[in-house]
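Throughout, read-outs are computed from the coordinates displayed, never taken from laboratory work. Because the structure is a prediction, the values reported are computed rather than measured. Every residue, glycine among them, receives a Cβ derived from its backbone with ideal geometry; neighbour counts consider all protein chains shown.
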Amino acid sequence: MKYRHFTSPALVSTQAGHETSPMDPQYTDLELAINTLVENFHSASSTNANTLTAQEFQSMLSKELPTMVKTAGDQEGLNKLLTDMSVEEAKGVTFKDFWNLVDSLANAQFGLLSKEKQVKCVKCSLM
C-alpha cells in the first residue's frame, strides 16, 4: 500500500463554501477525518499555540464532542478528565493528550458497534 505523506497545509479545508477543482487530489473520508481532528485542535487555540488551555480544551469538547464527552461540561468534570488524561496543571493540553482521548473514544465506539462490552472509555462518558 502506498502512503501519501502530507505537509502543512496538507489537505484542502472541508469547510462549506470551499470549492475544489478537478485537479485537486481526491482524499478519502479517513484522510479528511484526520485532517479535521488536527484542524479542530489548532482552531481551538485563540493564540495559535501548540497547546490548549483548559478553557480552550473545554470549549472545543463542548462544541465538537458534546455527546461523547459529557464529563467536561462543568469545572469538576473537566478537572477529572484532565487528571485522567495525565495533563499537568498549567501545562496545557497537547495534541498528543487530545489524540489519546480520541483513541479512547474510538475504542469505546468500536466496542459499542462490535458489541464488545469489555472495551470501555475510562476517560469519558459516552452517550
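Given contacts defined as C-alpha pairs under 8 Å and at least six residues apart, what's the relative contact order of the range 39-81, whole-number percent? Walk me through the intermediate numbers first.
Values: 30 pairs, mean separation 11.0, N = 43.
Reported relative contact order: 26 percent.
Please say if the range 20-113 is rounded, prolate or oblate, where rounded means a/c under 1.5 for a ≥ b ≥ c the square roots of the C-alpha gyration tensor eigenvalues, and otherwise the choice is prolate for a/b larger than b/c and oblate otherwise?
oblate
For ASN48 paired with GLU31, estimate the spin-label separation in nm (one decimal), with each label point 7 Å from Cα along the Cα-to-Cβ line.
Each label point lies 7 Å from its Cα, and together they span 2.6 nm.
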